Amino acid sequence: MKLTKILFAMAGLVAVPFAAIAGEDSQLTINEEPLITSAAAPAHMENVDTIFSGWVFRTDETQALQMDDFDNPAFVFIDQAIDSFNAVDGSSGKACVSCHESPEVFKGLRASMPRVNGSGELETIPELVNNCRTERMGAEKWKWSGGKMAGMIGLIGLQSRGMAVDVAIDGPASGMWEKGKELYYQRVGQLDMSCSNCHEDNYGNMIRADHLSQGQINGFPTYRLKNAKLNTIHGRFKGCMKNIRATPFKEGSDEFKALELYVASRSNGLMIETPSVRN
Amino acid sequence: MKLFATTALAAALLGSPSLAGSIAPSDVQFGENGEIQASLTGVAGDAANGRKLFMNRKKGNCLACHVNSEMSEQTFHGEVGPELDGVADRWGTEELRGILVNSKMMFEGTIMPAFYKDAGYNRTLKKFIGKTILGPQEVEDVLAYLSTLKE
């Protein structure tokens with residue numbers, strides 16, 4: 001008796017993620033260049049066969065905003081970042097451009113981040129930016145999710161657009177990667193949910209008005225229509241944790257960096273779409 | 001004036017797990033299959049209030065995960081859990097109470113939150129520490145509403 005009831009309950013659950021993905025057949029082109037939005041899941045993912053960009057799950061209108069840089073509202077912030085790239089700041093009298101010829105020299109960086117550096121530390125793009133600001137420019141640190149930082153990591157990320165995500169998870173990265181994986185599957189908060197509950201078990205399903213994606217980060221920083229600004233990866237993690245009534249980790253914390261590495265490794269094979277547009 | 005103040009106080013207490021005469025979250029007795037025999041409060045549930053709690057995003061927010069045709073006037077029904085149409089034909093009151101209080105006792109590893117459990121969580125936001133999502137009478141109210149969902 002109990003078994004039949006449970007089976008019955010489960011029948012409703014037999015998720016049909018593929019059928020439910022509205023934009024599965026839509027093709028992302030940016031400035032008329034095609035980009036792939038799905039790929040075979042990397043070997044380390046045990047429960048998912050195909051990985052999808054978050055773009056696939058958005059409405060036609062939101063999708064369209066990302067297809068042309070003139071329509072993409074994120075470019076307002078990218079343009080501001082070009083200005084700050086060239087602007088002298090700090091006690092050394094230097095700008096980014098004093099050491100880096102142009103943002104284009106960062107082509108490829110976004111696709112391999114986060115990564116473990118020579119001292120065995122896991123590093124992220126905002127940390128590299130702040131390193132230059134404090135060590136080389138004698139300038140103040142920028143806030144992790146502040147407008148200046150979000151714009152600058154958007155500009156740096158844009159240089160890798162169309163390149164396949166390829167973060168290293170073995171060797172020196174393996175410990176942090178394992179930690180990130182643990183956090184991804186750990187239930188937290190009063191709603192007692194893990195990232196995987198929504199983004200692995202239920203992608204393609206509606207959760208009230210939201211169409212659940214796989215929570216991929218290949219498009220970050222992302223312009224959200226909801227708050228009309230560029231949103232960082234750690235800012236999004238924080239938002240998801242608060243939604244499940246959990247105390248978020250701090251932006252830039254070891255926990256969020258490890259989680260970023262793990263989530264990035266789940267998009268290995270997808271293309272960088274920075275800056276993406278989401279609702 | 002005095003009467004008004006007392007009623008307001010009583011109303012405020014209603015949502016609290018410590019309401020005198022109600023069963024505390026840690027004292028709830030589950031049966032073998034995760035069902036709960038006894039009412040949490042001994043006061044009959046109010047189905048009309050239960051209906052409101054079901055759709056309220058800060059309370060049950062059941063609609064986030066479940067389709068419920070009885071509320072078709074509401075936009076956006078979630079698809080994470082099974083449709084609840086006719087749910088009272090499939091489950092009895094005691095089973096439904098168990099599913100509401102802590103569905104993990106019946107469906108191992110489910111994503112569905114436990115609505116009357118106040119401990120055993122990890123990193124709960126400060127303002128929710130030691131609290132249940134629904135108060136005991138609210139659980140009974142949602143239960144009364146669910147019991148009307150017959151086909």
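Descriptive notes on the structure:
- Debye-sum result for the range A:171-253 in log10 I(q)/I(0), which assumes one identical scatterer on each alpha carbon, at q = 0.19, 0.27 Å⁻¹: -1.00, -1.54
- FRET efficiency, A:Asp68 to B:Ser26 (Cβ-Cβ, R0 51 Å, nearest 0.05): 0.35
- Note on A:Asp79 and B:Glu151: the model spin-label points, each 7 Å out from Cα along the C-beta direction, lie 5.7 nm apart.
- Electrostatic bookkeeping for A:Ala111 treats Lys and Arg as +1 and Asp and Glu as -1; over the other residues with beta carbon under 13 Å from its beta carbon, the sum is +2.
- Highest mean packing comes first when the peptides A:256-263, A:77-84 are listed by Cβ atoms within 10 Å, giving A:256-263, A:77-84.
- Note on chain B: along the principal axes its Cα atoms extend 45, 34, 31 Å, ordered by decreasing extent.
- Approximate spin-label separation B:Asp89-A:Asp170, in nm, with each point projected 7 Å along Cα-to-Cβ: 5.6 nm
- Its Kirkwood hydrodynamic radius, worked out from the mean inverse distance over all distinct Cα pairs, puts the range A:93-169 at 13.2 Å.
- Mean residue ellipticity (222 nm) of chain A, computed from DSSP H runs ≥ 4 via -39,500 (n - 2.57), nearest 500: -9500 deg cm²/dmol
- Near B:Leu134, once Lys and Arg are set to +1 and Asp and Glu to -1 for all other residues with Cβ below 15 Å from its Cβ, the sum equals +3.
- Label point distance in nm, B:Glu73-A:Tyr185, each placed 7 Å from Cα along Cα→Cβ: 4.6 nm
- Cβ neighbours within 10 Å from other chains - mean over B:106-114: 5
- Beta bridges assigned by DSSP with both partners in the range A:194-279 are antiparallel in approximately 55 percent of cases.
- Positive-end extreme of charge dipole, the range A:129-253 - chosen from A:Tyr203, A:Met163, A:Leu230 (charges on Cβ): A:Leu230
- Shielding by other protein chains, A:182-188, mean Cβ within 10 Å: 2
- Rg to Rh, two decimals, where the protein assembly as shown supplies the alpha carbon set and Rh follows Kirkwood: 1.04
Here, each number is a calculation from the coordinates, and none is a lab measurement. Please read all numbers here as calculations on a predicted model, not as lab measurements. Cβ: placed from backbone, ideal geometry, glycine included. Neighbour counts: every protein chain shown.
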